[in-house]
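Participant: Here's a structure for you.
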Amino acid sequence: LRVGVEQGERLRRLLEDLLDLSRLDARAINVEPRPLVLKAALTDVVHGALPTTDGVELDIPGDLAAVVDPLVLDRVVSNLLANAARYGAPPIRIAAKQRDRHLRITVEDAGPGVPEELEGRVFDRFARGRGKNGHGLGLAIARAYAQAHGGDLVYDPTCHGARFELILPQL
């Protein structure tokens, strides 16, 4: 019975992810940017995405405000945090800054990073790395949300661990 419930939950998550991708592909998700105090918003995302915040460091100025869609922020950053917790190692560091008319939010960990054979297709649908956990849609969905917001999500292979940067235009 327990295994059946777990598999049912896994199937529900897969269906939700596929529905998200379908909506993003059809441009049926409305992005509604609004002013947010970034440190407070990202603190809420961290608490909602991880069972414990031990090993998570926030490097965000307390007065940094940005115009972003809270749903996009949550979907992208929570996915990056879940991946860092699952595949990386502490500390997980979240940093944010405003530069060249863009908001830049980085999520990085001190783990082994993305496997070399996966680097070129890390944002592809159904691409999965070590352990083969999950269904390989999380980063594809996260990038699609970033692009729906007029920005992008990029992977930086030059650092130790995994480092992703969410880039969103600011007015």
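Participant: Around residue 45, with a cut-off of 10 angstrom between Cβ atoms, what is the net charge of the other residues, counting Lys and Arg +1 and Asp and Glu -1?
Facilitator: -1
Participant: On the full set of protein chains, 1.4 Å probe, figure out the accessible area of residue 22 and give it in Å² to the nearest 10.
Facilitator: About 60 Å², rounded to the nearest 10.
Participant: Mark the label point 7 Å from the Cα of residue 65 along Cα→Cβ and return the residues of the stretch 86-101 whose backbone N is within less than 16 Å of it.
Facilitator: Only 98 fall inside the zone, counting backbone N under 16 Å.
Participant: Oh, and also: How much accessible surface does residue 125 have with a 1.4 Å probe, in Å² rounded to 10?
Facilitator: 110 Å²
Participant: While we're on this one: Distance between the C-alpha centers of the stretch 144-171 and the stretch 1-20? Whole Å please.
Facilitator: Spelled out, the Cα-based centre of one part sits 28 Å from the other.
Participant: Mind checking the per residue accessible area of the stretch 1-129 for me, 1.4 Å probe, whole number of Å²?
Facilitator: That works out to 59 Å² per residue.
Participant: Taking all protein chains as present, what is the carbon and sulfur share of the accessible area of the stretch 1-137, in % to the nearest whole number, probe 1.4 Å?
Facilitator: Numbers: 4130 of 8110 Å².
After summing per-atom areas, the C and S share lands at 51 percent.
Participant: For the chain, list the DSSP H helices whose alpha carbon atoms reach 18 Å or more along the long axis and whose average Kyte-Doolittle value is 0.5 or above?
Facilitator: Within the chain the helices that satisfy the rule are 70-87.
Participant: Report the Cα-based extents of the chain along its three principal axes, largest first, to the nearest Å.
Facilitator: 49, 37, 32
Participant: Separate question: For 126, 164, write out the residues from largest to smallest accessible area, computed with a 1.4 angstrom probe and no ligands counted.
Facilitator: Listed by decreasing accessible area, they come as 126, 164.
The values are calculated or read from the model by the stated rules, or taken from the named source; none is laboratory data. As the structure is a prediction and not an experimental result, all values here were calculated from the model. All Cβ positions, glycine included, derive from the backbone under ideal geometry; neighbour counts span all protein chains shown. The accessibility values were calculated without ligands, DNA or RNA, using every heavy atom of the protein model including side chains. Shrake-Rupley method; radii C 1.70, N 1.55, O 1.52, S 1.80 Å.
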